[in-house]
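First comes the structure, then the notes that go with it.
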Amino acid sequence: MFQPMQNETKKACLSRLSRIEGQVRGLGKMVEDDRYCIDVVTQVQAVIAALRKVEGEILSDHIAHCVERAIKSGDKKAQREKVQELVQTLARARER
């Protein structure tokens with residue numbers, strides 16, 4: 001069963017994503033302006049780190065609410081689905 005993200009997490013993520021959007025636009029400008037490659041790469045790494053923070057916040061929210069709700073429900077099928085979904089997501093993250 002789908003559970004929406006908690007309001008506090010949603011607001012924090014939207015705020016971070018807005019800042020990341022600005023960073024990405026800044027990266028485009030850096031490339032247009034022929035900025036030094038290492039400076040561009042440094043900013044790319046900052047964007048990646050910021051996206052990973054958003055990813056972490058969303059995963060924490062998911063565990064604290066969606067996975068926990070499935071565990072409390074006692075529904076073994078829902079529990080297995082949520083845990084498997086989480087394992088697959090974390091496995092994909094490790095592949096990067």
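The values are calculated or read from the model by the stated rules, or taken from the named source; none is laboratory data. What you are looking at is a predicted structure, and each value in this text was computed from that prediction instead of being measured. Glycine gets a Cβ as well: all are built from the backbone with ideal geometry, and neighbour counts include every protein chain shown. The area values use the complete protein model at the heavy-atom level, side chains included, leaving out ligands, DNA and RNA. Shrake-Rupley method; radii C 1.70, N 1.55, O 1.52, S 1.80 Å.
Calculated accessible area for the chain comes out at 77 Å² per residue, all protein chains present (probe 1.4 Å; ligands, DNA, RNA ignored). Residue by residue, segment 52-58 carries 3J(HN,Hα) couplings of 5, 5, 4, 4, x, 5, 5 Hz when phi is fed to the Karplus relation 6.51 cos²θ - 1.76 cosθ + 1.60 (θ = phi - 60°); x denotes Gly or Pro. Only aspartates and glutamates eight or more places from Lys82 in sequence, or on another chain, were considered; those with a Cα closer than 18 Å are Glu55, Glu57, Asp61, Glu68. Per atom type, segment 19-96 shows carbon and sulfur on 57% of its accessible surface, probed at 1.4 Å. Label zone (Gln88, point 7 Å along Cα-to-C-beta; backbone nitrogen cut-off 13 Å) within segment 51-66: none. Averaging 1/r across all pairs of distinct Cα atoms in the chain and inverting the result yields a Kirkwood radius of 15.5 Å. Would you calculate a helix-derived [θ] at 222 nm for the chain, using -39,500 (n - 2.57) for each DSSP H run of n ≥ 4 and dividing by the full residue count, to the nearest 500? That calculation yields -27500 deg cm²/dmol at 222 nm. Using C-alpha pairs below 8 Å separated by at least 6 residues, the relative contact order for the chain is 34 percent. Pairs exceeding 24 Å between alpha-carbon atoms, taken from Lys10/Lys77; Lys10/Lys53; Lys11/Lys53; Lys53/Lys76: Lys10/Lys77; Lys53/Lys76.
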